[in-house]
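The values are calculated or read from the model by the stated rules, or taken from the named source; none is laboratory data. Treat the numbers as computed from the prediction; the structure is a model and nothing was measured. So basically every Cβ, Gly included, is an ideal-geometry build from the backbone, and we count neighbours across all protein chains shown. With ligands, DNA and RNA removed, areas are computed over all heavy atoms of the protein, side chains included. Shrake-Rupley method; radii C 1.70, N 1.55, O 1.52, S 1.80 Å.
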Amino acid sequence: MRYTCEEERKAVENDEKLRLLKKGESTWGNVIKELEDTARGETEREMDRLRHPLSVIDFINIQENDKILDLGAGNLYWETLFKQITNKAITAMNPWEWEEEEEEQEAETCPQVQRHFAHFEDPAPSHASGDFDIVFSFNTYHDTVSMVRANRSKMNKRIFDLLAPGGCYVIADHSAVSNTGIRHAADGLHRIDEALVVEEVEAAGFALVSRCSFLRCSLDERVYSGWVPAGQPRTDRFLLKFVKSPEEKKVDL
């Protein structure tokens, strides 16, 4: 296999280590079985290559009773895997602006996955408060600038309210050139400055407790679009975990 960068080689090695280590566990075994299913389409397999789902799920640390809210869930790629671990409801939120596109995709769903169209500023049913253990945003934070122009301060404060104490807010996205703020999201590159994301989320009351490097790509000059078609080299992406807990202390990152 040819690797785009050294980080990709290490990520693939970590995926394989997890596959071998976790295959005997009931919930993880179901995730691995899903990933190895021969009926899995080429689009999903290409996403697997770029997203390293086993490593991402391990980083999130999903438990069997966790309620999850997925922001910008799209075609339910992550829901297919998350439901193998948690036995609670998963809310797959998409913005109203994507409704027609999602109907055309005819994404497969199940009773455990609740599809929900909403605005990013209020991404869950209005009665929800402290209901979720995990809020997950994969390659969609930049969309709150480029596609829907959400009030991100209001969005992050609402997410803080939606999470139970100790709940996690996990964000992955395509890295923009440092110190560019929202410019590369607004100009169509589908990227956002990692430092800006940290600043905005911490301003809502969250503590940044962990970041991972397995989605990084040091060879990415961050000048082409993060909207990656099949065959395009991987982008440099950050992966951050924030926690809602006033007692939680920041670790040395």
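Couple of notes before you dig in:
- The lone exception for Met147 - which of (1) open to solvent by less than 60 Å² (accessible area, probe 1.4 Å); (2) of a type in the set (A, V, I, L, M, F, W, C); (3) touching a helix residue (DSSP H, G or I) at 6+ places or on another chain (Cβ under 7 Å) it fails: (1)
- Only one entry of Asn61, Asn94 meets the criterion of being within 17 Å of the chain's Cα centre (by Cα) and crowded, with 18+ Cβ neighbours inside 10 Å, and that entry is Asn94.
- Count of residues meeting criterion [polar (S, T, N, Q) and within 9 Å of Leu163 (Cα to Cα)] in segment 127-145: 1
- Taking segment 108-224 as the region of interest, the strands (runs of 3 or more DSSP E) fully inside it that hold 1 or more residues being more than 27 Å from Asp48 (Cβ to Cβ) are 113-118, 163-174, 207-212.
- Count - residues of segment 1-32 that are more than 23 Å from Asp236 (Cα to Cα) and either more than 21 Å from the chain's Cα centre (by Cα) or among the hydrophobic types (A, V, I, L, M, F, W, C) (or both): 11
- Of Ala73, Ala11, all but one fail to be under 23 Å from Ser137 (Cβ atoms) and in contact with a Phe, Trp or Tyr (Cβ under 7 Å, 6 or more places away or on another chain); the exception is Ala11.
- Taken as a whole, the condition of being modelled with pLDDT under 95, touching a strand residue (DSSP E or B) at 6+ places or on another chain (Cβ under 9 Å) and either open to solvent by 50 Å² or more (accessible area, probe 1.4 Å) or under 30 Å from Asp220 (Cα atoms) (or both) does not apply to Leu18.
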